[in-house]
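Input: a single structure, listed below in structure tokens.
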Amino acid sequence: MKNLHTFLFIILPLLAWGQRAAVGGKIADAETGQYLAGVSVTLDGQTGISTENGSFYFAGLSAGTHLLRVSIPGYTTQERQLTLREGETLQADFQLETGNVALNEITVQAAGSHQRGVLSQIDIRLRPILNSQEILRMVPGLFMGQHAGGGKAEQIFLRGFDIDHGTDIQLTVDGMPVNMVSHAHGQGYADLHFVIPELVEQVNFEKGPYRADKGNFVTAGWVDFRTRETLDRSFAKLELGQYGTARSVLGLDLLGKKSGGARNQSAYLAGEYSYSDSYFDAPQFFNRANVQGKYNIDLTPATRLNLSASHFWSRWNHSGQIPDRAVASGLIGFYGAIDPSEGGETSRSNFNVQLLTQTGGGGLLKNQFFYSNYNFELYSNFTFFLEDSINGDQIRQKEGRNLLGYTGSFTQPNRIGGLRGRFQAGVQYRQDWVNDVELSHTRNRSITESNIQLGDVREANVATYLSEELELSSKITLELGLRYDHFFNRYTDRLQDNQTANAQAGIVSPKLNVSYTSSKYLQWYLNAGRGFHSNDTRVAVPQDGRDILPPAYGSDLGAVWKPLPRLYVNTALWYLWLEQEFVYVGDAGVVEPGGRTRRWGADLSVRYQLTKHLFADIDVNWTNPRAIGEPSDANFLPLAPRFTTVGGLSLSPIKGFSGSLRYRYMADRLANEDNSIVAEGYFVPDLQLNYRFKSWELGFNVQNLLNTQWKETQFATLSRLQNEPEGVEEIHFTPGTPIFARIALTKYF
């Protein structure tokens, strides 16, 4: 009898649960049919966010009438009364019409831990991405600088990091990795120039190492760019600007309105070409070409296939970093060059296949395969005549790479002990074959004086992860995650009789995220986790696998707050500790491992709707970065940003007009360990105006509206000019753009 009571105690609630009702559906753009991810869905106090295929699901509902509400910035909010019968699963699909951004319709809720996508949804609707540099600036607190005339990947600054080109931030496009491991120029090198800006639909991001599905380079944070699945219409765009600048873009909707229906298929082809002599004294002869195609189809009502391919090519000259003393003495002008033969060429071809399958009970199965062929060649001269007083110190960094990978994940709403939850599990695989990774001493981009490094890299990363998000109550959400990564590294040294060495290592990364929603206007969150950035194979293999995967430990304590209906505030106090810092080495032009570091700081992001069409935003970021184990007067982290802020006013379309007036400010930074050299800060405002009439749009853009003379990137480097008896360490910089005006004309058809 006792066993029978126990059995009934367990099974009867489950049987009763099985008789309850459920609601599921898909959310799409009414005009294009594109499924919308990140839509906020609420049902009688329960909250959720639509998945990558636009789906949502609520189970365990009682029979009766329920109110279902869906909303996302830039679309009109929809509400629907649903009447459920016991045991019924009701399908409720939504077609959302585009509309004005309305901050009063955004609610603070527990779904998705502190709503990591809300800021990006607001920003990208109000200030669409207009050029390749604006892509990364969509992330609050992220700064970037170009120091190679527009062809090389930008230098990135975030949360007290001079990340160089990607050592401590993971960048992906449509789930495909951008960062290059064991790259010829530096670990984690991330070049986003293969993305056509007009095709960017979403910018998803998070600061810190707190997601189980995010692995290598996720210390300061991660960013995932999502390109359009469909074009609402075809378009042709022509831009003309100062300094011999021209750009053209063509986007063709290949299937048009007939893409709707049961198969819900779409396809487009887009291309871009850019040319500029740029503002430097020596013409840059910058060329870049992009082409991208994408095709989507619903193979079945539950399965969607996404195919995409792209190719990118760029070639340029650049003026490099120049020393302060050369400008001060009049040897060269502010926009001049010491070695005018610097420059490079790069290309990347991508193939990406994604298969999304909706399973029973609101589950989602994702399979993704990607392949990239990548080539890179860069000529630089950081020290001029320090090492070679006759021929100069120019170097060549070069590689050819094939990158292959797979990502699989399964997400399923579930119940644990009566608590509503969401379970996710996944596996990831990435393999890099890098041939002829080269660092050589060259002259005039034509003569090789000597090889410094030359070899082949083979690197594989296998990972698996689990996470469970539980709603402990209507106010508290808990997410636990666990990730394991294993790396296999091999290096063949072509300068040492093809000697080959191998190494491998693994790392476990636990994650914890808690959110407490005290009201519909205020949510607190606590994030904690372990992440890592892998080491270059050429560094890791000689150490027999030691320090392949130096860990990072981070935590955030923050709040999302709506003190007024049209005011949205996100703030956080954070801490990050790294076992190993990556340090830029000027004489070699590469990134090498350094010592332990810690950073702590505060972030503040505010979005305020002044009128129906006018919005204000500001991001403020303060950081205290220090090296660990060094004397207090010599523990500064060179070039780490300490205070930055960006912001501005944005005008959403009104009578055809739209635009923005924005600024970016970076305070002075310490350029070396003892604070004896300082990198100067800068304040730069930009203006964008657009007018749309019928099927035409006219745009006017001005960068550096005040024509400020500023230094975009700066390094404390020891260099020697040709007639100097010895080297001098001081600031070397790449000048930022002077006032730069462009006009753009777009035709939609």
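The values are calculated or read from the model by the stated rules, or taken from the named source; none is laboratory data. All of these numbers come straight from a predicted model, not from anything done at the bench. Because the Cβ atoms are built from the backbone with ideal geometry, glycine has one as well, and the counts that use them run over all protein chains shown.
Examine the stretch 415-438 for a residue that is surrounded by fewer than 16 Cβ atoms within 10 Å (Cβ to Cβ), of a type in the set (Val, Ile, Thr) and modelled with pLDDT under 95, and state whether such a residue exists.
yes
So which residues in the stretch 463-477 are at pLDDT 95 or above and within 30 Å of ASP44 (Cα to Cα)?
LEU466, SER467, GLU468
Pick out, from the stretch 269-364, the strands (runs of 3 or more DSSP E) lying fully within it that include 1 or more residues that are of a type in the set (Asp, Glu).
286-300, 343-359
Please verify whether the stretch 443-458 includes one or more residues that are β-branched (Val, Ile, Thr), closer than 30 Å to VAL541 by Cβ and more than 26 Å from the chain's Cα centre (by Cα).
yes
Filter the stretch 177-188 for residues that are buried (at least 24 other Cβ atoms within 10 Å of the Cβ) and either assigned to a strand (DSSP E or B) or of a type in the set (Asp, Glu) (or both) and give the result.
Once the filter is applied, which keeps residues that are buried (at least 24 other Cβ atoms within 10 Å of the Cβ) and either assigned to a strand (DSSP E or B) or of a type in the set (Asp, Glu) (or both), the stretch 177-188 yields only MET180.
Looking only at the stretch 626-645, count how many residues are buried (at least 19 other Cβ atoms within 10 Å of the Cβ) and in contact with a Gly (Cβ under 8 Å, 6 or more places away or on another chain).
So the answer is 6.
Of all residues in the stretch 49-61 being in a strand (DSSP E or B) and over 17 Å from GLY418 (Cα atoms), which is modelled with the lowest pLDDT?
ILE49
Filter the stretch 634-675 down to residues that are over 30 Å from TRP696 (Cα atoms), in a strand (DSSP E or B) and of a type in the set (Lys, Arg), then give me how many there are.
2
Condition check ((1) more than 26 Å from the chain's Cα centre (by Cα); (2) over 30 Å from VAL541 (Cα atoms)) across all residues:
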site: GLU387; (1), (2): yes, no
site: GLN394; (1), (2): yes, no
site: GLY408; (1), (2): no, no
site: TRP433; (1), (2): no, no
site: GLU479; (1), (2): no, yes
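Kindly indicate whether GLN722 is outside any strand (DSSP E or B) and either on the phi > 0 side of the Ramachandran plot or touching a residue at least 60 places away in the same chain (Cβ under 8 Å) (or both).
yes
Wholly within the stretch 198-241, which strands (runs of 3 or more DSSP E) include no fewer than the required count, namely at least 1 residues that are at pLDDT below 95, of a type outside the set (Gly, Ala, Ser) and within 23 Å of TYR35 (Cα to Cα)?
200-207, 221-227
Residue check: is LEU43 more than 26 Å from the chain's Cα centre (by Cα), under 19 Å from GLU471 (Cα atoms), at pLDDT 85 or above and surrounded by fewer than 22 Cβ atoms within 10 Å (Cβ to Cβ)?
Considered against the rule, which asks whether it is more than 26 Å from the chain's Cα centre (by Cα), under 19 Å from GLU471 (Cα atoms), at pLDDT 85 or above and surrounded by fewer than 22 Cβ atoms within 10 Å (Cβ to Cβ), LEU43 comes out as yes.
Got a number for residues in the stretch 129-169 being part of a loop (DSSP other than H, G, I, E, B) and over 14 Å from PHE582 (Cα atoms)?
Going through the stretch 129-169 one residue at a time, the tally reaches 19.
Does the stretch 273-319 hold any residues that are of a type in the set (Ser, Thr, Tyr), surrounded by fewer than 16 Cβ atoms within 10 Å (Cβ to Cβ) and modelled with pLDDT under 95, and which are they?
THR300, THR303
Does SER341 fit the bill of being surrounded by 16 or more Cβ atoms within 10 Å (Cβ to Cβ), of a type outside the set (Asp, Glu) and within 29 Å of the chain's Cα centre (by Cα)?
Answer is no for this residue.
Which residue is modelled with the lowest pLDDT, if the candidates are limited to the stretch 250-265 and must be crowded, with 18+ Cβ neighbours inside 10 Å and of a type in the set (Gly, Ala, Ser)?
Filtering the stretch 250-265 for residues that are crowded, with 18+ Cβ neighbours inside 10 Å and of a type in the set (Gly, Ala, Ser), the one modelled with the lowest pLDDT comes out as SER259.
If a residue has to be loosely packed, with under 13 Cβ neighbours inside 10 Å and among the basic types (Lys, Arg) to count, how many in the stretch 484-523 make the cut?
The number of residues fulfilling the criteria is 1.
Looking at the stretch 731-749 only, could you name the residues that are crowded, with 18+ Cβ neighbours inside 10 Å and not in a loop (DSSP other than H, G, I, E, B)?
Within the stretch 731-749, ILE731, HIS732, PHE733, THR734, PRO735, PHE740, ARG742, ALA744, THR746 meet the criteria.
Mind telling me which of the residues ALA540, ALA552 ends up being small (Gly, Ala, Ser), surrounded by 22 or more Cβ atoms within 10 Å (Cβ to Cβ) and either assigned to a strand (DSSP E or B) or at pLDDT 95 or above (or both)?
ALA552
As an exercise: evaluate GLU630 against (1) charged (D, E, K, R); (2) part of a loop (DSSP other than H, G, I, E, B); (3) within 21 Å of ASP164 (Cα to Cα) and give the number of the one condition it does not meet.
Condition not satisfied by GLU630: (3).
Residues that are at positive phi and of a type in the set (D, E, K, R): does the stretch 147-158 have at least one?
No, the stretch 147-158 contains no residue that is at positive phi and of a type in the set (D, E, K, R).
Residues in the stretch 627-639: is at least one under 30 Å from VAL560 (Cα atoms) and in contact with a strand residue (DSSP E or B) (Cβ under 8 Å, 6 or more places away or on another chain)?
Within the stretch 627-639, not a single residue is under 30 Å from VAL560 (Cα atoms) and in contact with a strand residue (DSSP E or B) (Cβ under 8 Å, 6 or more places away or on another chain).
Buried (at least 16 other Cβ atoms within 10 Å of the Cβ), closer than 22 Å to GLY244 by Cα and of a type in the set (S, T, N, Q): does that describe THR708?
No: the conditions fail for THR708.
Under 7 Å by Cβ, and 6 or more places apart or on different chains, what pairs join a residue from the stretch 693-713 that is more than 25 Å from ASP668 (Cα to Cα) with one that is assigned to a loop (DSSP other than H, G, I, E, B)?
Once the first residue is more than 25 Å from ASP668 (Cα to Cα) and sits in the stretch 693-713, its partners that are assigned to a loop (DSSP other than H, G, I, E, B) give PHE693/GLY656; SER695/PHE749; ASN701/LEU130.
Out of the residues in the stretch 676-698 meeting the condition of being part of a loop (DSSP other than H, G, I, E, B) and surrounded by 15 or more Cβ atoms within 10 Å (Cβ to Cβ), tell me which one is farthest from the chain's Cα centre (by Cα).
It comes out as ILE677.
Taking the stretch 700-731 only, how many residues are in contact with a Pro (Cβ under 7 Å, 6 or more places away or on another chain) and charged (D, E, K, R)?
Looking only at that region, the number is 3.
Determine if the stretch 495-518 includes at least one residue that is touching a Gly at 6+ places or on another chain (Cβ under 7 Å), closer than 30 Å to ASN414 by Cβ, of a type outside the set (Phe, Trp, Tyr) and modelled with pLDDT under 95.
no
Any chance the stretch 333-340 includes a residue that's out of contact with any Asp or Glu (no Cβ under 7 Å at 6 or more places or on another chain) and within 23 Å of LEU307 (Cβ to Cβ)?
Scanning the stretch 333-340 turns up no residue that is out of contact with any Asp or Glu (no Cβ under 7 Å at 6 or more places or on another chain) and within 23 Å of LEU307 (Cβ to Cβ).
Which of the numbered conditions does SER450 fail, given that it passes all the others? Conditions: (1) touching a residue at least 12 places away in the same chain (Cβ under 8 Å); (2) under 30 Å from GLY727 (Cα atoms); (3) surrounded by fewer than 21 Cβ atoms within 10 Å (Cβ to Cβ); (4) not hydrophobic (A, V, I, L, M, F, W, C).
Unmet for SER450, out of (1) touching a residue at least 12 places away in the same chain (Cβ under 8 Å); (2) under 30 Å from GLY727 (Cα atoms); (3) surrounded by fewer than 21 Cβ atoms within 10 Å (Cβ to Cβ); (4) not hydrophobic (A, V, I, L, M, F, W, C): (1).
Only one of these is surrounded by fewer than 22 Cβ atoms within 10 Å (Cβ to Cβ) and under 30 Å from LEU526 (Cβ atoms): ARG226, ARG247, ARG211, ARG233. Name it.
ARG226
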